[in-house]
Amino acid sequence: MTHAPAAQPLAARRSGALKGRVRVPGDKSISHRALILAALAVGRSRIAGLLEGEDVVNTAKAMQALGARVTREGEGAWSIHGTGVSGFAEPREVLDFGNSGTGCRLVMGAVAGCPIMANFDGDASLRKRPMRRVLEPLVRMGAQAVLRGSGGGDLPLTLIGARDPRPIVYEPPAASAQLKSAVLLAALGAPGTTTVIEKEATRDHTEKMLGHFGAQVTVTPHGEHGRRIALRGQPELSPAEIRVPADPSSAAFPLAAALLVPGSDIVLEGVMLNPLRTGLLETLREMGAAIEILDRRNDGGEDVADLRVRASALRGVEVPAARAPSMIDEYPVLAVAASFAEGLTRMRGLHELRVKESDRLAATAAMLRVNGVETEIEGDDLIVHGRPRAPGGGVVATHMDHRLAMSALVMGLASDKPVGVDDAAFIATSFPGFTDLMHGLGADLA
């Protein structure tokens, strides 16, 4: 099990205008998937722009432990010699995913389609997060799980992959790209066609990347907002070149800071604009944000663009539940932006926030309250009563949650009083270099 690093308190103070042109690290979702699918291909794949945060590095270590040859060739540049579909070797050591629910759940899917046994574990935060809803479809496909967790979570656990995986038709009980992706990765080892039916479309990086590596994937509309994804199993995946675009979930933090700090004007380079990841941009523009999309282009199968962001007077809005899958990781920083928006913002349908690194719904509300912002939770809705200046002055309990920590620090850059976090160490799981990047724009973090 990963041991928590020493706590690193950090505080943000009201800053002068943020200025500059920066590129945030590579997209975390794509980085995880690129490593896993490259490890299941036959031959050598190359990845450029890989996010080298702790979460992704733990996935790379897991691929190495499962028999792939993984080599770091330079900053963000990695090569992977894969084992082929169903070719993973039984790992000698525990697969330790640290703080990464995405890496853990996706690798469970990949292992479930192989006739091997593997032990999964993580840090104290990941040990509290639910795994059973991912395991349920994997067991239907022929895998076996032995749960040994305690304290409300399911890690550590042992997963025995299916010797003869079965294709299934699966309808996830919640809009979750992790659930869908785990099933599709397991389905690579099954004969015939596995179908996942989504009532609400979630991020589609797995489907796109499966096609990029040569799998036969068909995506068709289902209902008003959903999709039906059909994957033909037992392909021979071909090695591929992957260029990872800048992560829109990481870009959300300097973007929100620039909106809130008076006089700011920044450019964020090469941000991925996959339509299933742009809910935050859509919402902020509805709130009156000055966000200009420049040089829109396609890079490695994904839409990317530069974003020019200028300080803006925001107003409260209602955010529909149907938008949640396209911005599920961005709600904490949206709540910060809503704290500075004139009027009431209501974010609907946030049940999925309860099963993130922390109970993000409760923790986000607590972050706002400790800094003098009126907020309440009604069912799965978060309601924020905004005003142009937030008081600040609080110290936020981060619960080992990197996005909560960064959101709180963004809040401090525009609040009347400094905002502190009890621990900024976990920011490195998704955004290595966050503090340096923000310093470069003129932020006061210390």
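The values are calculated or read from the model by the stated rules, or taken from the named source; none is laboratory data. Note that this is a predicted model, so its numbers are computed, not measured. When we count neighbours, we look across all protein chains shown, and the Cβ atoms used for this are built from the backbone with ideal geometry, even at glycine.
Return only the number of the condition from (1) in a strand (DSSP E or B); (2) buried (at least 24 other Cβ atoms within 10 Å of the Cβ); (3) not aliphatic (A, V, I, L, M) that residue 420 does not satisfy.
(2)
What do you reckon, is residue 243 touching a strand residue (DSSP E or B) at 6+ places or on another chain (Cβ under 6 Å) and either more than 30 Å from residue 389 (Cα to Cα) or touching a residue at least 12 places away in the same chain (Cβ under 8 Å) (or both)?
Taking the combined requirement at face value, the residue satisfies it.
Could you please find all residues in segment 212-231 being in contact with a Gly (Cβ under 8 Å, 6 or more places away or on another chain) and in contact (Cβ under 8 Å) with a residue 40 or more places away in the chain?
Result: 212, single match.
I'd like to check something: does segment 54-74 contain any residue that is in contact (Cβ under 8 Å) with a residue 60 or more places away in the chain, in the same structural domain as residue 172 (by TED's automatic domain parsing) and farther than 22 Å from residue 210 by Cα?
yes
Pick from segment 397-417 the residues that are part of a helix (DSSP H, G or I) and not aliphatic (A, V, I, L, M): which of them is surrounded by the fewest Cβ atoms within 10 Å (Cβ to Cβ)?
402
Going through 161, 109, 98, 122 one at a time, which residue ends up being within 16 Å of residue 33 (Cα to Cα) and not assigned by TED's automatic domain parsing to the domain that holds residue 402?
Matching residue, one of 161, 109, 98, 122: 109.
For segment 90-127, give me the residue count where each residue is more than 22 Å from residue 53 (Cβ to Cβ), among the polar types (S, T, N, Q) and buried (at least 24 other Cβ atoms within 10 Å of the Cβ).
So the count comes out to 0.
Assess whether residue 19 counts as being of a type in the set (Lys, Arg), within 21 Å of residue 182 (Cα to Cα) and out of contact with any helix residue (DSSP H, G or I) (no Cβ under 6 Å at 6 or more places or on another chain).
No; evaluated as a whole, the condition is false for this residue.
Residues of segment 238-265 being of a type in the set (S, T, N, Q) and under 19 Å from residue 403 (Cα atoms), which ones?
249, 250
Would you confirm whether or not segment 432-443 contains a residue that is surrounded by fewer than 23 Cβ atoms within 10 Å (Cβ to Cβ) and touching a Pro at 6+ places or on another chain (Cβ under 6 Å)?
no
Test each condition in (1) within 22 Å of the chain's Cα centre (by Cα); (2) farther than 26 Å from residue 232 by Cβ; (3) at pLDDT 95 or above for residue 108 and report the one that comes out false.
(2)
With the condition kept exactly as written, say whether any residue in segment 80-92 is touching an Asp or Glu at 6+ places or on another chain (Cβ under 8 Å), part of a loop (DSSP other than H, G, I, E, B) and among the basic types (Lys, Arg).
Taking every residue of segment 80-92 in turn, none turns out to be touching an Asp or Glu at 6+ places or on another chain (Cβ under 8 Å), part of a loop (DSSP other than H, G, I, E, B) and among the basic types (Lys, Arg).
Residue 50: within 26 Å of residue 302 (Cα to Cα), modelled with pLDDT of 95 or more and either over 16 Å from the mean Cα position of the chain (by Cα) or not in a loop (DSSP other than H, G, I, E, B) (or both), yes or no?
No.
Condition (residue is part of a strand (DSSP E or B), small (Gly, Ala, Ser), at pLDDT 95 or above and crowded, with 20+ Cβ neighbours inside 10 Å) applied to segment 326-342: is it met by at least one residue?
no
Among residues belonging to segment 423-442 that are touching a strand residue (DSSP E or B) at 6+ places or on another chain (Cβ under 7 Å) and assigned to a loop (DSSP other than H, G, I, E, B), point out the one that is nearest to residue 395 (Cα to Cα).
424
Can you tell me which of (1) in contact with a Lys or Arg (Cβ under 6 Å, 6 or more places away or on another chain); (2) closer than 20 Å to residue 255 by Cβ; (3) among the charged types (D, E, K, R) is the one residue 381 doesn't meet?
Evaluating residue 381 over (1) in contact with a Lys or Arg (Cβ under 6 Å, 6 or more places away or on another chain); (2) closer than 20 Å to residue 255 by Cβ; (3) among the charged types (D, E, K, R) leaves (2) as the failure.
Evaluate segment 259-276: report whether one residue or more is at pLDDT 95 or above, assigned to a helix (DSSP H, G or I) and either in the same structural domain as residue 18 (by TED's automatic domain parsing) or among the β-branched types (Val, Ile, Thr) (or both).
There is at least one residue in segment 259-276 that is at pLDDT 95 or above, assigned to a helix (DSSP H, G or I) and either in the same structural domain as residue 18 (by TED's automatic domain parsing) or among the β-branched types (Val, Ile, Thr) (or both).
In the set 59, 71, which member is part of a helix (DSSP H, G or I), polar (S, T, N, Q) and closer than 24 Å to residue 43 by Cα?
The match here is 59.
Could you look through segment 155-164, keep only residues that are under 14 Å from residue 136 (Cα atoms) and out of contact with any Phe, Trp or Tyr (no Cβ under 9 Å at 6 or more places or on another chain), and pick out the one that is surrounded by the most Cβ atoms within 10 Å (Cβ to Cβ)?
Filtering segment 155-164 for residues that are under 14 Å from residue 136 (Cα atoms) and out of contact with any Phe, Trp or Tyr (no Cβ under 9 Å at 6 or more places or on another chain), the one surrounded by the most Cβ atoms within 10 Å (Cβ to Cβ) comes out as 162.
If I filter segment 135-156 for residues that are modelled with pLDDT of 95 or more, closer than 16 Å to residue 234 by Cα, charged (D, E, K, R) and more than 20 Å from the chain's Cα centre (by Cα), do I get at least one hit?
No, that holds for no residue.
Which of the residues that make up segment 343-352 are crowded, with 17+ Cβ neighbours inside 10 Å and either in contact (Cβ under 8 Å) with a residue 40 or more places away in the chain or in a loop (DSSP other than H, G, I, E, B) (or both)?
345, 348, 349, 350, 352
Hey, among 308, 323, which residue is assigned to a helix (DSSP H, G or I) and not assigned by TED's automatic domain parsing to the domain that holds residue 77?
Criteria check complete, one pass: 323.
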